[in-house]
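Heads up: the structure comes next, in structure tokens.
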Amino acid sequence: MGWINGVSGKLQCDMSKECREPVTHIGAKGWIYCTGHAQVRSETWERCRQMRPFEIRMIEGGKPISYTRRTLADYRAHGQA
Ligand SMILES: [Zn+2]
């Protein structure tokens, strides 16, 4: 998974290495996407939801996030935050 672009340090959309849009969504399979690519995925085979701001910070801090978790308390309950 892309998670963090090694060159820029910014989150990288997993739909395309060439994509430079800000990452805003996570798909049911755990990949992360920009808004436009998340819409494309949702219309085909992978449901996507918008990430919460704390989730984006978690990824930026090197912690994996999960499509099925919804709150920071939920992550903490599973030892993921
Ligand atoms: Zn994209």
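The values are calculated or read from the model by the stated rules, or taken from the named source; none is laboratory data. These numbers were taken from a predicted model, which means no experiment stands behind them. Ideal geometry is used to build each Cβ from the backbone, glycine not excepted, and the neighbour counts take in all protein chains shown.
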- Message: Looking at (1) surrounded by fewer than 19 Cβ atoms within 10 Å (Cβ to Cβ); (2) at negative phi, which one does residue 30 not meet, given that it meets all the others?
- Response: (2)
- Query: Which ones in the range 38-56 are exposed (fewer than 12 other Cβ atoms within 10 Å of the Cβ) and of a type in the set (Ser, Thr, Tyr)?
  - Reply: 44
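Kindly indicate the residue of the range 43-64 that is in a loop (DSSP other than H, G, I, E, B) and more than 14 Å from residue 28 (Cβ to Cβ) and also modelled with the highest pLDDT among those meeting that condition.
The residue in question is 52.
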- Task: Find all pairs meeting these conditions: Cβ atoms under 7 angstrom apart; at least six residues apart or on different chains; first residue within the range 35-50 and farther than 14 Å from residue 14 by Cα; second residue among the aliphatic types (A, V, I, L, M).
- Result: 47/28; 49/26
- Filter pass, residue 8 being of a type outside the set (D, E, K, R) and either out of contact with any helix residue (DSSP H, G or I) (no Cβ under 9 Å at 6 or more places or on another chain) or at pLDDT 95 or above (or both): yes
- When only residues in the range 65-74 that are among the hydrophobic types (A, V, I, L, M, F, W, C) and in a helix (DSSP H, G or I) count, which is farthest from residue 12 (Cα to Cα)? 73
- Which of the residues that make up the range 14-42 are within 15 Å of residue 59 (Cα to Cα), within 10 Å of the ligand (Cβ to nearest atom) and not in a strand (DSSP E or B)? 14, 22
